[in-house]
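The values are calculated or read from the model by the stated rules, or taken from the named source; none is laboratory data. Because the structure is predicted, anything quoted here is derived from the model rather than measured. Don't worry about glycine lacking a Cβ; one is built from the backbone with ideal geometry, like all the others, and counts go over all protein chains shown.
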Amino acid sequence: MLQSTRYHYTECGLDNIYLLNGHDPVETPRGIGVMIQDVDGLHLAIGRMLVREKRDLRGREIRFLRHELNLTQQNLALVLRVNVQAVARWEKEQTKEGIPGPAQGLIRLLYEEHTRGNKKIMEPLKRLAELDELMNDGADETIDFVDTGDEGWQRSMEA
């Protein structure tokens, strides 16, 4: 049965998504909030709708799909072989020409294959996310290198 209230679901980063049911008001310490049932299923439905539409993707939609793929702007840029600033401009809709067709096609394909569980797609994307996390975890630490002679320069394992 449909609830009588539509809920404007802006939490996903898209401003044109409304829920006709599957949401309930909940009391929180800050007042009335909304609980969405099966958020993962909802995001899957939104993503599939986006990649299957026969129109150009908008910036916020690219960002939504990138988040669902668990990619940073830098990693998406690496996959698409573009500058990270290009991805940022696309997502902010700061380009006159929009997002190039080949980039849109690859994003759509990545998302479709990811949601189908294609390990040949999922494993490299997962590895990219892990590498990005590793790179950001130690961003403020100092890293020492030693010249080992025969084996060349290596990271020092001494604390």
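Please go through (1) on the phi > 0 side of the Ramachandran plot; (2) modelled with pLDDT of 95 or more for residue 70 and return the number of the only condition it doesn't satisfy.
(2)
Within segment 63-75, does at least one residue satisfy the condition of being aliphatic (A, V, I, L, M) and out of contact with any Leu (no Cβ under 8 Å at 6 or more places or on another chain)?
Scanning segment 63-75 turns up no residue that is aliphatic (A, V, I, L, M) and out of contact with any Leu (no Cβ under 8 Å at 6 or more places or on another chain).
Checking the conditions here, which among 91, 61 is among the acidic types (Asp, Glu), within 25 Å of residue 10 (Cβ to Cβ), surrounded by 14 or more Cβ atoms within 10 Å (Cβ to Cβ) and touching a residue at least 40 places away in the same chain (Cβ under 8 Å)?
Criteria check complete, one pass: 61.
Return the total of residues in segment 8-32 being in a strand (DSSP E or B), of a type in the set (A, V, I, L, M, F, W, C) and in contact (Cβ under 8 Å) with a residue 12 or more places away in the chain.
1
If I go through segment 94-130 residue by residue, how many of them are within 15 Å of the chain's Cα centre (by Cα), at pLDDT below 85 and more than 21 Å from residue 13 (Cα to Cα)?
8
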